[in-house]
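Step one of this worksheet: look at the structure below.
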Amino acid sequence: MARLEFGTRRTVYYALLVVATTTLFTLTYNVGMAIWEGRPQPLYRSLEVVIQSFTTTGYGEDSPWQSLQMNVLVILMQLSGIGLILTAVDVFAVPWLRSALTPSAPEAIDDINDHVVVCGYTPRTEAFISELDARDREHVLVEADDEIARQLHDDGYRVIHGDPESTDTLENARIGSAIAVIADAGDDTSASIVLAARDADPDVRTITLITDPELVRYHRAAGADEVLSPRQLVGENLISEIPTAVTTEVEEGIALGEEFELAELSVEEGSYLCHRTFGDARIRDRFGVNVIGAWLNGDFETPVDPEATLEAGTRLLVVGTPDRIETLRDATETTVRRFPSQRIVLAGYGDSGKAVYDRLRDSNSQVTVLDIETDEEGIVDIVGDARDPAVLEEANVSEASAFILTIGDDTTAIFTTLIARELNPDLRIVVRANDAEAVKKLYRAGADYVQSLATISGRMLASTVFEDKEVIAYDKQISVVRLPAGDLAGTTVADADVRERTGCTVVAFQREDETIADFDPETFEIEPDDSLVVAGATDDVTRFERTFVHS
């Protein structure tokens, strides 16, 4: 629709340009013939000459002209005519050729089974499609907008054009042979898609993504098997990054067993690890903790280069027993702090912002809420644009200890982060990114912690759709999953050369009711019934599955 409106505006502007140019030259030519050439003539004759000049069809008996002024005027008319012709090509011919040469998205698809039908194209579903591609699983996008569907088709996506709320469209997407239907098209529309999916195939699994957690029961009533609310999860995770009276231990580990956890720790200025190289730190030898990877200058590295310097702000993803991780926490000096009362500024009072505020109001921290518009509850303290330094000053960002951004636009969040870091170099900045592509930019802009809504959504969907693996941590920068032993049974991690072949790290084993984190990769033999806790990038985890689980 936007492209159509833009094309219509261009046509109107071009028509106005032609009328204005023709009128101007007609009047000037008519006056010039009378004054400079001494040959007055009717206005319609001058209009005819101008049209002849614009269309390059000739000038009749008016030529040649004797005065310099008329010759210059005619040259200008000729050049203007050529310009109008070239502009017409761009306005009319090029869009028509593009439309004619770009194939339209099909309205049905054949020869596909065991696929996922994805209704609605958003950054969240894009992240999920990346998960599907990494697993070599088929999908079909259903897009109602013809222009968007055409572009997706041109970009190589498997997409059909049609209304996802229509049973006919879902049948065209072969819902009968699909393993699941994903709806991410707005809370109201997604519920309608679920109803259509139930009519088309009562047995298909339906999963919806919602922004308002209060609507979960209505999606359930429509027939959704799973209703996911990643925005609320992101908000809850963001607050865990702020040391408050609610959570004095900022980065609580994720329990993988009674004596084993996964944690993400930050290195701060003045800590034992700060400014040491990773090799000199000897974290495994000194603390008995395995480092899976680290965020260095906005990039996640796994494994970590021994020569890499652990500067202030470096984040380490580690696994180990709680007591050993606690010792490492003390060496990073990041998580156990006493802030009986502190100033926190929350920018963005949407779904994630509300989840953050709900947790903060139970603390004794001084919370200032900033949003672009006021709210009915009266929670928003300051109404204004977070990109305005004066607004941030009004919110006392320069005196705050923490700044949480849950703004809907990533570009705005990046610029706001730059301003906030300039106003307060010691400020702890925690940001929700909507697209995964913005994470690195936000870190480089000065954010201390960034969580991608799209990445979490994609992993939540993948974990829900595919039940052959368990995603342990949605919010980490890499995938941490639990997988069966598969072809690793009867061998060791070292003999299988897991890291070199897949890029993954086996961080623990679960044998019956026991979690084994302290094992020797050279001698620990894997049994058929063991479960492995594996960490790595999404593509690396997929490679691990292909190599050892599904071979």
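The residue that is surrounded by the fewest Cβ atoms within 10 Å (Cβ to Cβ), counting only those in region 297-307 that are under 22 Å from residue 479 (Cβ atoms) and at pLDDT 80 or above, is 305. Considered as a group, the residues in region 415-437 that are open to solvent by less than 10 Å² (accessible area, probe 1.4 Å) and not in a strand (DSSP E or B) include one that is modelled with the lowest pLDDT, and that residue is 427.
Scan region 370-424 for residues that are more than 22 Å from residue 435 (Cα to Cα) and charged (D, E, K, R) and the total you get is 10.
Would you confirm, using the coordinates I've provided, whether residue 338 is modelled with pLDDT under 85, open to solvent by less than 50 Å² (accessible area, probe 1.4 Å) and either in a strand (DSSP E or B) or under 26 Å from residue 404 (Cα atoms) (or both)?
Spelling it out, it is not the case that residue 338 is modelled with pLDDT under 85, open to solvent by less than 50 Å² (accessible area, probe 1.4 Å) and either in a strand (DSSP E or B) or under 26 Å from residue 404 (Cα atoms) (or both).
Any residue at all in region 170-184 that is more than 22 Å from residue 453 (Cβ to Cβ) and free of Cβ contacts under 8 Å to residues at least 12 places away in the same chain? For region 170-184, residues more than 22 Å from residue 453 (Cβ to Cβ) and free of Cβ contacts under 8 Å to residues at least 12 places away in the same chain: absent. On the basis of being in contact with a strand residue (DSSP E or B) (Cβ under 9 Å, 6 or more places away or on another chain), free of Cβ contacts under 8 Å to residues at least 40 places away in the same chain and open to solvent by 30 Å² or more (accessible area, probe 1.4 Å), does residue 499 make the cut? Against the criterion (in contact with a strand residue (DSSP E or B) (Cβ under 9 Å, 6 or more places away or on another chain), free of Cβ contacts under 8 Å to residues at least 40 places away in the same chain and open to solvent by 30 Å² or more (accessible area, probe 1.4 Å)), residue 499 does not qualify.
Suppose the filter is assigned to a helix (DSSP H, G or I), open to solvent by less than 30 Å² (accessible area, probe 1.4 Å) and hydroxyl-bearing (Ser, Thr, Tyr); does residue 80 pass it? Answer is no for this residue.
Look at (1) open to solvent by less than 20 Å² (accessible area, probe 1.4 Å); (2) in contact (Cβ under 8 Å) with a residue 40 or more places away in the chain and you find that residue 506 fails only one, number (2).
Among the residues of region 273-302, what is the count of those that are out of contact with any Gly (no Cβ under 7 Å at 6 or more places or on another chain), assigned to a loop (DSSP other than H, G, I, E, B) and farther than 19 Å from residue 448 by Cβ?
Residues flagged as out of contact with any Gly (no Cβ under 7 Å at 6 or more places or on another chain), assigned to a loop (DSSP other than H, G, I, E, B) and farther than 19 Å from residue 448 by Cβ within region 273-302 amount to 2.
Restricting attention to region 519-551, the residues that are open to solvent by 70 Å² or more (accessible area, probe 1.4 Å) and under 37 Å from the mean Cα position of the chain (by Cα) add up to 5.
For region 29-44, name all the residues that are surrounded by fewer than 17 Cβ atoms within 10 Å (Cβ to Cβ) and not aromatic (Phe, Trp, Tyr). Across region 29-44, the qualifying residues are 31, 34, 35, 37, 38, 39, 40, 41, 42, 43. Contact annotation: residue pairs with Cβ atoms under 7 Å, 6 or more positions apart or on different chains, pairing a residue in region 382-404 that is closer than 16 Å to residue 348 by Cα and free of Cβ contacts under 8 Å to residues at least 24 places away in the same chain with a partner that is among the polar types (S, T, N, Q) and surrounded by 15 or more Cβ atoms within 10 Å (Cβ to Cβ), are 382/368.
Hey, does region 403-418 have a residue that's out of contact with any His (no Cβ under 8 Å at 6 or more places or on another chain) and more than 19 Å from residue 441 (Cβ to Cβ)? The answer is no, given that none of the residues of region 403-418 is out of contact with any His (no Cβ under 8 Å at 6 or more places or on another chain) and more than 19 Å from residue 441 (Cβ to Cβ). When we screen 184, 168, 163 for residues that are farther than 11 Å from residue 119 by Cβ and not small (Gly, Ala, Ser), the only hit is 168.
Restricting attention to region 113-143, the residues that are open to solvent by 10 Å² or more (accessible area, probe 1.4 Å), free of Cβ contacts under 8 Å to residues at least 40 places away in the same chain and either closer than 26 Å to residue 409 by Cβ or touching a strand residue (DSSP E or B) at 6+ places or on another chain (Cβ under 6 Å) (or both) total 3.
If you scan region 251-265, which residues turn out to be open to solvent by less than 20 Å² (accessible area, probe 1.4 Å) and either more than 27 Å from residue 479 (Cβ to Cβ) or modelled with pLDDT under 80 (or both)? Within region 251-265, 251, 256, 260, 262, 263, 264 qualify. On the stretch given as region 275-296, residues that are under 20 Å from residue 519 (Cβ atoms) and surrounded by 16 or more Cβ atoms within 10 Å (Cβ to Cβ) total 8.
Every test in (1) open to solvent by 60 Å² or more (accessible area, probe 1.4 Å); (2) in a helix (DSSP H, G or I); (3) at pLDDT 85 or above is passed by residue 149 save one, and that test is (1).
Within region 9-25, residues that are under 11 Å from residue 47 (Cα atoms) reach partners that are open to solvent by less than 70 Å² (accessible area, probe 1.4 Å) and of a type outside the set (Phe, Trp, Tyr) with beta carbons closer than 8 Å, at six or more positions or on different chains, in the pairs 22/50; 25/50; 25/53; 25/73; 25/77; 25/80. Quick check on my filter: what residues within region 355-388 are closer than 24 Å to residue 451 by Cα and outside any loop (DSSP other than H, G, I, E, B)? Passing the criteria: 355, 356, 357, 358, 359, 360, 366, 367, 368, 369, 370, 371.
Within region 152-189, the set of residues being of a type in the set (A, V, I, L, M, F, W, C) and at pLDDT below 90 comprises 152, 185.
The values are calculated or read from the model by the stated rules, or taken from the named source; none is laboratory data. As the structure is a computational prediction, the values presented were derived from the model and not from experiment. For neighbour counting, all protein chains shown are included, and Cβ atoms are generated from backbone atoms with ideal geometry for every residue, glycine included. These area figures cover heavy atoms from the full protein model, side chains too; ligands, DNA and RNA do not enter into them. Shrake-Rupley method; radii C 1.70, N 1.55, O 1.52, S 1.80 Å.
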